[in-house]
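Let me begin by presenting the structure, written as structure tokens, before commenting on it.
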Amino acid sequence: MVPRMVRAGLVPLSRLAFRPDVEGREHVPRTGAVIFAVNHISALDSFLVPLVSPRPVSFLAKEEYFTGSRMLRAGMLAIDAIPVPRGAHRAAQQALESALEVLRDGRAFGIHPEGTRSRDGRLYRGRTGVAWLALASGAPVVPVGVIGTDKVQPVGAPFPRPGKVTVRFGQPLHFSPGTSTAARARREATDDIMDAIAKLSDQDRAPGYNELSTGD
């Protein structure tokens, strides 16, 4: 009950503070499993997308967010965030398992294929976890381009400030293993997803992975 009340307050508050232009809502399947693949330029991205999406979507969030203040915990629950522990291999594996469970339940899951926030505004090469999820679940991937959140909440800023943002939902992408090896199928699917995100976000492309840790 409390998370619903918090969400009911967050939605109009986000509209007032960020004046979001939302494009392509008609591309989002209203039922069934779906993966939202989103560029990552601000900590605000995974909070904003669930508030403007036409259906609930779960993102991963640091476990600490659920053990801090009651207000922060309520906010996490309001946007259907999924707690995951910090760590290396085990945390990554647990994150994918949690995401797959969401999809098998016929729900929507959001992921940032770049892995961490871009400090320079460029779109980095996607990591193949998003394709693994798509191929393992059979869920379509909706590419999402977020614009302006890096101005509203730059890297290092503890809180967002009022500003203007845009969220663009692209047409769903469907993938199947085909005749390629599993690794090649994941790589090709991920590259296709990042190409679609780039068209929506209007970002310059970076040639490699974003290796910088920003605390996400």
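Summary table below
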item: Count of residues meeting criterion [within 19 Å of LEU133 (Cα to Cα) and more than 11 Å from the chain's Cα centre (by Cα)] in the range 47-62; result: 1
item: In the range 1-27, residue least open to solvent (accessible area, probe 1.4 Å) [restricted to those that are more than 24 Å from GLY163 (Cβ to Cβ) and at pLDDT 90 or above]; result: HIS27
item: Leading residue by the ranking (most open to solvent (accessible area, probe 1.4 Å)) among those in the range 31-66 that are more than 22 Å from THR166 (Cβ to Cβ) and not hydrophobic (A, V, I, L, M, F, W, C); result: THR31
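The values are calculated or read from the model by the stated rules, or taken from the named source; none is laboratory data. Just so we're clear, the structure is a prediction, and the values are computed from it rather than from any experiment. Glycine also receives a Cβ, built like all others from the backbone with ideal geometry; neighbour counts cover every protein chain displayed. Note: areas computed on protein heavy atoms with side chains; ligands, DNA, RNA excluded. Shrake-Rupley method; radii C 1.70, N 1.55, O 1.52, S 1.80 Å.
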